[in-house]
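The values are calculated or read from the model by the stated rules, or taken from the named source; none is laboratory data. On a predicted model such as this, the values are computed, not experimentally measured, just so you know. Counting neighbours? That spans all protein chains shown, and the Cβs are built from the backbone with ideal geometry, glycine included. Just the protein is used for accessible areas: all its heavy atoms, side chains included, with ligands, DNA and RNA removed. Shrake-Rupley method; radii C 1.70, N 1.55, O 1.52, S 1.80 Å.
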Amino acid sequence: GESVGLHLPTLSVQEGDNSIINCAYSNSASDYFIWYKQESGKGPQFIIDIRSNMDKRQGQRVTVLLNKTVKHLSLQIAATQPGDSAVYFCAEIVPGYSTLTFGKGTMLLVSP
Amino acid sequence: DTGVSQNPRHKITKRGQNVTFRCDPISEHNRLYWYRQTLGQGPEFLTYFQNEAQLEKSRLLSDRFSAERPKGSFSTLEIQRTEQGDSAMYLCASSNSQGIEEKLFFGSGTQLSVL
């Protein structure tokens with residue numbers, strides 16, 4: 001299930017389940033989005049990106065969906081594994097700026 | 001390892017002291033970024049360089065903070081007269097700018113604790 005922790009929303013799933021992590025981005029003009037995975041004690045690791053002229057992009061076990069109408073981004077992880085346990089951040093780029101703006105993050109906990 | 005390298009991994013200092021962090025980006029990357037991250041939050045942009053030129057600074061970067069990238073390769077971030085509120089993870093990232101597709105690759109960060 002999903003719950004709001006002290007600092008981060010948390011999604012708890014069983015190994016093998018599919019996971020969906022959601023993100024509401026801030027700027028309707030944003031035209032490029034990235035999902036990052038951050039494990040404890042490490043820097044964010046690039047997972048997958050999508051441009052605003054697309055609404056879906058697939059990678060290995062991951063799919064990103066973009067709904068510009070409601071400024072919503074989601075990351076779907078198929079057959080979730082314990083190694084997927086981490087904090088997941090979405091990030092956006094606004095045209096005219098060269099810097100990523102990160103959302104607050106969601107913690108994914110995968111139980112064996 | 002050809003990823004982004006940051007040193008030191010951890011730094012403990014007393015309030016009022018100066019600290020300096022180093023970042024070595026991926027060698028062919030022309031852009032280098034500094035971000036700050038506090039517990040439970042996403043990284044917050046501080047500043048970035050394209051080659052040796054510092055192109056943008058965040059309002060978070062007070063006058064106690066200075067960053068350099070003298071030869072367009074490694075970068076240093078210095079914090080003078082540290083305050084307890086400076087305690088955070090300082091992340092460096094680099095990218096090989098491809099128009100709007102800024103795929104940033106991050107280092108493991110320097111964890112600063114100001115006592």
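Summary table below
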item	result
Listing of strands (runs of 3 or more DSSP E) fully contained in segment A:1-78 that carry 2 or more residues being under 18 Å from A:Gly103 (Cα atoms)	A:2-4, A:9-14, A:19-24, A:32-38, A:45-51, A:62-67, A:72-77
In segment B:47-94, residue nearest to B:Arg9 (Cα to Cα) [restricted to those that are part of a strand (DSSP E or B) and open to solvent by 60 Å² or more (accessible area, probe 1.4 Å)]	B:Glu68
Candidates A:Lys104, A:Lys42, A:Lys56, A:Lys71 - the one that is touching a residue at least 24 places away in the same chain (Cβ under 8 Å), out of contact with any Gly (no Cβ under 7 Å at 6 or more places or on another chain) and of a type in the set (Lys, Arg)	A:Lys71
Qualifying residue in segment A:76-83 (condition: open to solvent by less than 40 Å² (accessible area, probe 1.4 Å) and either at the interface with another protein chain (Cβ under 10 Å from one of its Cβ atoms) or within 10 Å of the chain's Cα centre (by Cα) (or both))	yes
Identity of the residue in segment A:91-110, modelled with pLDDT of 95 or more and out of contact with any Pro (no Cβ under 8 Å at 6 or more places or on another chain), that ends up least open to solvent (accessible area, probe 1.4 Å)	A:Leu108
Qualifying residue in segment B:81-92 (condition: hydroxyl-bearing (Ser, Thr, Tyr) and under 14 Å from the mean Cα position of the chain (by Cα))	yes
Boolean, B:Lys57 is touching a Ser or Thr at 6+ places or on another chain (Cβ under 6 Å) and among the basic types (Lys, Arg)	yes
Selection status of A:Val64, at the interface with chain B (Cβ under 10 Å from one of its Cβ atoms) and modelled with pLDDT of 95 or more	no
In segment B:95-115, the residues that are crowded, with 19+ Cβ neighbours inside 10 Å, closer than 27 Å to A:Phe33 by Cα and either more than 14 Å from chain A (Cβ to nearest Cβ) or not aromatic (Phe, Trp, Tyr) (or both)	B:Ser95, B:Glu102, B:Leu104, B:Gly107, B:Gly109, B:Thr110
